[in-house]
Amino acid sequence: MAYDHKEIEKKAREKWSGLDLYHSDLTDDTRELYYLLVEFPYPSGDLHIGHWYAFAVTDIYARLLRMRGKNVLFPIGFDAFGLPAENAAIKHGVNPKEWTYENMARMREQLATMGSSFDWSKEVVTCEPSYYQWTQWLFTKLFEHNLAERRLAAVKWCPKDQTVLANEQVVDGACERCGTSVEEKHLTQWFLKITSYAERLLTGLDTLSWREEIKDAQRAWIGKSEGAKLKFSLQFTGGSEQEELQTVSSNLQAVEVFTTRPDTVFGATYVVLAPEHPLVLSLMKKVLNKKDVKKYVSATAKKTERERSENKEKTGVKMEGVSAINPATKEEIPIYVADYVLGSYGTGAVMAVPAHDERDFEFAKKFNLPILETEFADWNTIAEIGGVKTTQYRIRDWLVSRQRYWGCPIPIVYDPEGKPHAIPAEHLPWLLPTDVDFKPTGKAPLASSKELQERVTKIFGEGWTPEYDTLDTFVDSSWYFLRYFDSKNAHNFSNAELMKKWLPINRYSGGSEHTTMHLLYARFFIKVLYDLALVPVDEPFTERFNRGIIMGPDGAKMSKSKGNVVNPDEFVLKYGADAVRIYLAFIGPYNEPRSYPWSLEGVASMRKFLDRVSRLVEKADSKAVSDSLNQAFARTSQKISEDGNRFKFNTSVAALMILVNELEALETVPKSALTQLVIMLAPFAPHLAEHLWEKLGEEGSVHQQLWPVASIITASENEVVVQVNGKRRGSITLTVNGSESDALTAAQVIPAVVAALAGKEPKRVVYVPGKIINLVV
RNA sequence: GCCGGGGUGGCGAAAUUGGUUAGACGCACAGGACUUAAAAUCCUGCGAGGGCUUAAAAACCUCAUGUGGGUUCGAUUCCCACCCCCGGCACCA
């Protein structure tokens, strides 16, 4: 008979909360400590199948670890600030806070129904003042140490979300959230100086046992190139004003370029400036074809990033009346403005070497510029002509200002001169005002708050003004895993003693979309806090696993428009949470970011398996467990332990199935064997295991039991396969240290071997003890 | 284009310090038992081809881990070349 999942699941959960089973005492270091972290969810409303995959499968590992006697920290919280709440607020006329808190309440319940073993006593919620007080405090630390800076810069702007974005949030020239093509704007914004940590973010990767593809993606994002900066002096060949102007502007003497190939400087036959290079503007008064240059520059400015990179056909315009001197050849060479050079990388100017660079070659062909095969310069020569070794990084500083409402207020005020000051700790949390109109207009919603201005005036005086922008939510999530140690602490962001005991985090499980966002930001944050002696480690995550994605039953990515969205609740209702959990574990390896189609029959079959286990328990007898059965259990328990360490739960489930198949073949099963089986089932199907535990008359909770570690008896004899010319012809049983001649003697009497040898003597014998003997004729 | 990871039955996948018969475990499918019937459950089969015929079965044989080569007594595993898929980066000088 099938078990009643609704009833037993409810009952099991009540039992667990009664026993307070999943509360971990962080001060208890008599057991080995293990910090298992999974990315906390955004409170979007309903738990979708992706959440199940993220939390239910990681939960299996948390349970395995506890059963192995470890003190496991497995916490959860909500990444609760962010745009969707605000958009929902605008759409439905509700308050973003209400929307968020309602969703969190629902999600807490749903997370419980999955049988998860999170320690809720340590929950963090990033939109609560008791949390964001410390986000703000950390921001002021960065500000004090000159790692948070307000400056004018070319920034990415999402016209739909009406806010600026960090580079990491622009994917293929479009807003990562809404897919709208981003525009470039020049705005004064807050940046965190992640570029100062570029080298350490890079070298730190070498110390981590992460999968190569995750590290490589970060390396590519950081994008280190080594080369040199070189100065090309400017020369003016234009009109009569030349002399006068040259004396006036001393900054117009040279243009600096960055190149990874300074050795090719002899072949530099022209110089290219990016259209946004500041020199373009300052040279304008000397350029003879001002109109053409201006036209080109403004045409480029109108293009979105995507449009600019889509058109690979080289364009540009020569600056007439100005030229540069190649420092190596002393030749006078032309200067072009062309959009194939980017203002945001290097010095925004390049020396063009058409003989060595494909892009320069194309441009030179189009504009009939000389292509010079050259001699190469050595470093002495490069140094003589003023070359300076330089390392460039592709990564940009992290833009954290957002012109939106539902975020952590930036803890800054401006004095009457407009100079920014950190808000002193005693005024934190710097509360998010509520008297605002949060419709996005491109202006920060906080600017509409009377209360905020009054607060500033009251505390700081007349003429002082608040910062109106809020922080990127990725700032909130860059340190949340530190707060779990002491989430209620009103005096400190975390607990120094516990951080020392528990950091770094043993394993962090999450989605691959965060490889070059959250994962990079969090590493940066921890390095900064380490330098400020606020945390004891400078890498937060020892191991990282990116999980895969669950696709629709048709194998395509789930989407409402395709109508292939799977709702986990349906399946939980029909088959129970345990069946859904075990199905997600079985679907494929969890240690690689592959994608797996959801199979309706697959979930049903897992329920059948669980029913079989539950029927098996009816067959209990009081006999002793046979040696061979003991061995089967030992193999299974060892296999599951090993697979768990690698996050390969698919083969763990298979091992359980094999064991169950074996037990089913018996008339009756020793009760103690069933007890062991139920213990091993517990991490995968926690509710059913609890139910069967009681049914077997056992005391306490199955989740308080230790993982069975029977040792596998090494056999004294093993089977050795006999091959003739690499083909299996039979097998022999030999003692473990049987010699080659023993093996050969035994092999040569097997009829099939005799037949295959056909009277010939083996030319060669390959003997691998315990495995194989191959006779080659 | 560059970097990384992959390509195994109808499907999800097992097995790689080279070693037994590739495809564990499960899904789907087919046949059977039980049942008045169905559901549920249980049993059997299930890479391809040959053997093979009127039909069925077995022994046995050949081929088969993207394609083509190579190394080796032995290759899904190692090497070379190519094709395809996924992810990252990309006019980054």
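The values are calculated or read from the model by the stated rules, or taken from the named source; none is laboratory data. Values in this document were obtained by computation on a predicted structure and should not be read as measured data. Note that each Cβ is placed from the backbone with ideal geometry, even for glycine, and that neighbours are counted across all protein chains shown. Calculation scope for accessible area: heavy atoms of the full protein, side chains included, ligands and nucleic acids excluded. Shrake-Rupley method; radii C 1.70, N 1.55, O 1.52, S 1.80 Å.
Within region A:541-564, being loosely packed, with under 14 Cβ neighbours inside 10 Å and closer than 23 Å to A:Phe586 by Cβ holds for A:Asp554, A:Gly555, A:Ala556, A:Lys557. Total residues in region A:659-699 satisfying the condition of being more than 12 Å from A:Leu629 (Cα to Cα), part of a helix (DSSP H, G or I) and aliphatic (A, V, I, L, M): the figure is 7.
Could you list, in sequence order, the residues of region A:516-540 that are outside any helix (DSSP H, G or I) and surrounded by fewer than 22 Cβ atoms within 10 Å (Cβ to Cβ)? Spell out the reasoning first.
Keep residues of region A:516-540 that are outside any helix (DSSP H, G or I), which gives A:516-517, A:532-540.
Those that are outside any helix (DSSP H, G or I) and surrounded by fewer than 22 Cβ atoms within 10 Å (Cβ to Cβ): A:Thr516, A:Met517, A:Leu532, A:Ala533, A:Leu534, A:Pro536, A:Val537, A:Asp538, A:Glu539.
Write out, first by first residue and then by second, each pair whose Cβ atoms fall under 7 Å of each other, whose residues are 6+ apart or on separate chains, and whose first residue, in region A:602-615, is near RNA strand B (Cβ under 9 Å from one of its atoms) while the second is in a helix (DSSP H, G or I) and of a type in the set (Ser, Thr, Tyr). Matching pairs, first to second residue: A:Gly602/A:Tyr583; A:Ala604/A:Tyr575; A:Met606/A:Tyr583; A:Arg607/A:Tyr575. Restricted to region A:705-730, and to residues there that are among the aliphatic types (A, V, I, L, M), within 9 Å of RNA strand B (Cβ to nearest atom) and under 48 Å from the mean Cα position of the chain (by Cα), the residue that is surrounded by the fewest Cβ atoms within 10 Å (Cβ to Cβ) is A:Val721.
Taken together, the residues in region A:589-608 that are more than 18 Å from A:Met558 (Cα to Cα) and in a loop (DSSP other than H, G, I, E, B) amount to 4. Taking the conditions (1) under 30 Å from A:Ala685 (Cβ atoms); (2) within 10 Å of RNA strand B (Cβ to nearest atom); (3) not acidic (Asp, Glu) in turn, A:Thr515 satisfies each one other than (1).
Restricting region A:165-209 to residues that are away from RNA strand B (no atom under 14 Å from the Cβ) and part of a loop (DSSP other than H, G, I, E, B) leaves a set whose member that is most open to solvent (accessible area, probe 1.4 Å) is A:Arg177.
Within region A:745-758, residues that are under 11 Å from A:Ile773 (Cβ atoms) have Cβ atoms under 6 Å from residues that are basic (Lys, Arg) in these pairs: A:Val753/A:Arg729, counting only partners at least 6 apart in sequence or on another chain. Selection of first residues in region A:210-223 that are in contact (Cβ under 8 Å) with a residue 24 or more places away in the chain and assigned to a loop (DSSP other than H, G, I, E, B) and of second residues that are more than 8 Å from RNA strand B (Cβ to nearest atom) and among the β-branched types (Val, Ile, Thr), restricted to Cβ pairs under 7 Å at least 6 apart or on distinct chains, gives the following pairs, ordered by first then second residue: A:Gly223/A:Ile395.
Every test in (1) within 16 Å of RNA strand B (Cβ to nearest atom); (2) at positive phi; (3) within 42 Å of the chain's Cα centre (by Cα); (4) not hydrophobic (A, V, I, L, M, F, W, C) is passed by A:Gly700 save one, and that test is (1). Output the residues belonging to region A:392-411 that are outside any loop (DSSP other than H, G, I, E, B) and open to solvent by less than 10 Å² (accessible area, probe 1.4 Å). Those that are outside any loop (DSSP other than H, G, I, E, B) and open to solvent by less than 10 Å² (accessible area, probe 1.4 Å): A:Trp398, A:Leu399, A:Ser401, A:Cys408, A:Pro409.
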